[in-house]
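Okay, structure first, notes after.
Read the figures in this text as sums done on the coordinates, not as results from a lab. What you are looking at is a predicted structure, and each value in this text was computed from that prediction instead of being measured. So basically every Cβ, Gly included, is an ideal-geometry build from the backbone, and we count neighbours across all protein chains shown.
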Amino acid sequence: MEAQPGRTDRRRFLLIAGLPLLAVGGLTAYAAWPQPDRPRVRVRTDLEPLESRFGTHVGELTEAHWLGYDIDEGAGDRTVPSPDSRIRLVGVARLAAGGAAAIVRNAEYAFAPAAPTSGLPAPLEQYLPADAAWQHSPQFDAHANRPQSSALPSGAYHFDGARDLVRFDLLYLYT
């Protein structure tokens, strides 16, 4: 029994025309599929996580506004999985009365006026005084960023002695 020429040509046409249409339909459905919402950035005010990480170096905290997040999460699926976590802690905290001034006066650290080199995330800007007189010391950073039992910290601390404020932007590598 011979194949009918019209029937084979119709199958070939449907296959050639149908596959691209199917692919376009699938891609359209994927693009329109609702994506899970990213968690909203929440400014934190709890003191315990900060005191446990750097309270021994800066003293008692009385108030804080800060963010803590894994800096690699924002890249989504486009990053290579890693067993390490890189957590950024960034914010501003008020020290007990006279705390910042005492740290800045310590001659061992040689504090000098310096503007912070990194910007604050937008949700924190409202908690930062515009006319703060920031002072920085690489020696203090080295002292405060010594390796901890579970993490390797790095970053900078800036102090305003008149307002008893510390501005911190730290990165903790957990391996």
Stick to the Cα atoms of the range 127-166, pair each with every other, and give me the Kirkwood hydrodynamic radius in Å at one decimal.
-> 11.5 Å
Could you give P(r) for the range 77-169, binned at 5 Å from zero, as whole percent values over all Cα-Cα pairs?
-> 3, 12, 21, 22, 17, 12, 6, 4, 2, 0
Packing-based ranking, highest mean first, of 166-174, 42-50 given that Cβ atoms within 10 Å are counted | 166-174, 42-50
